[in-house]
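Below: the structure, in structure tokens.
None of the figures in this text is laboratory data; all of them are computed from the coordinates on show. Being a predicted model, the structure only gives us computed values, none of them experimental. Cβ: placed from backbone, ideal geometry, glycine included. Neighbour counts: every protein chain shown.
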Amino acid sequence: MSSINDPIKGGGRFRRPTSRDTSPSLEGVCLTRRRFVQGLAMGGAVAGLGLGSSALAAAMKQQGPQTLRGTDFNLTIGEQAVNFTGAPRIGTTVNGSLPAPILRWREGDTVTMRVTNLLRETSSIHWHGIILPSAMDGVPGIATGFNGIKPGETFTYQFPVTQSGTYWYHSHSGFQEQTGLYGSIIIDPREPEPFSYDRDYVVMFSDWTDEDPTDVYAKLKKLSH
């Protein structure tokens with residue numbers, strides 16, 4: 001794991017070195033490893049809620065987020081029905097995905113993200129741990145001249161990529177992060193890495209509750225007094 005940037009959510013990459021045994025029996029395991037890890041994560045959450053085998057099977061069938069590569073990205077913030085526990089809820093998505101798509105950049109490039117907000121409230125995206133100009137930081141009221149992305153509007157983030165590693169991005173507006181607006185960022189180094197591997201796996205840990213995050217926050221505030 002390259003880094004953990006938040007006490008609740010962390011991003012990491014697991015690589016399978018080419019030097020390992022790639023006999024047919026092991027190769028079959030490696031091909032399904034990503035789905036296996038996702039199944040563990042979802043299965044643990046569902047089992048903890050005491051759901052039946054049908055709900056568990058449905059959860060394990062969910063696929064991971066899409067990976068977007070390059071220097072030019074169009075990201076659309078919206079809402080979509082989700083079902084992680086057997087009860088439908090509304091999640092906050094990017095390009096219809098929860099978690100949001102994995103963004104893959106390269107050190108030394110300049111990236112452009114056009115972010116359109118289709119929500120009924122102001123939104124934003126903060127690039128957690130990324131070194132960038134203040135105006136591009138994405139925190140309303142803190143980033144220079146940035147007050148969030150109003151409903152129906154598009155904001156263009158553009159900045160040079162001056163680092164490499166594993167990071168994440170998320171909303172800094174209301175409780176949108178808690179309802180799904182977060183995703184991974186993988187920045188490949190300018191120079192090739194000094195080792196080889198067959199596949200690169202991105203794993204993001206998070207939690208989910210069907211309870212309204214406003215109510216969760218209110219309960220936590222009461223506990224703090």
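Placing dummy labels 7 Å off each Cα toward the beta-carbon, the span from ARG190 to ASP215 is 5.2 nm.
In a DSSP loop and with at most 15 other Cβ atoms within 10 Å, the GluC sites (Glu not before Pro) in the range 121-190 are GLU121, GLU153. Simple spin-label estimate for ALA81 and GLU107 gives 4.6 nm between the two label positions (7 Å along the Cα-to-Cβ direction from each Cα).
Under 5 Å from the amide H of LEU75 lie the amide H atoms of ARG114, VAL115, THR116, each residue being 5 or more positions distant or on a separate chain, with H modelled from the backbone and absent for Pro and chain starts. A DSSP coil position with no more than 13 other Cβ atoms inside 10 Å describes the following chymotrypsin sites (Phe, Trp or Tyr not before Pro) in the range 188-225: PHE195. Rounded to 0.05, the FRET efficiency of the TRP208 and VAL139 pair, given R0 = 25 Å and the Cβ-Cβ distance, is 0.55. Amide hydrogen proximity for ASP210: with H placed 1.01 Å from N in the peptide plane, no residue at 5 or more positions away or on another chain lies under 5 Å.
Dividing the mean sequence gap of close Cα pairs (under 8 Å, 6+ apart) by how many residues the range 66-223 holds gives a relative contact order of 24 percent. Taking 0.36 nm per residue of separation and subtracting the current Cα-Cα distance, fully stretching the chain between ILE131 and GLN66 would add 21.0 nm. Computed from backbone phi with θ = phi - 60° and the Karplus coefficients 6.51, -1.76 and 1.60, the 3J(HN,Hα) list for the range 168-182 is 8, 10, 6, 6, 10, 10, x, 10, 5, 4, 5, 9, x, 8, 7 Hz; x is used for glycine and proline. Looking only at the range 110-149, which residues have a backbone nitrogen under 11 Å from a spot 7 Å from the Cα of THR156 in the C-beta direction? It comes to 112-115, nothing else. Distance between the modelled labels on TYR201 and PHE175, one decimal in nanometres: 3.3 nm (7 Å Cα→Cβ projection).
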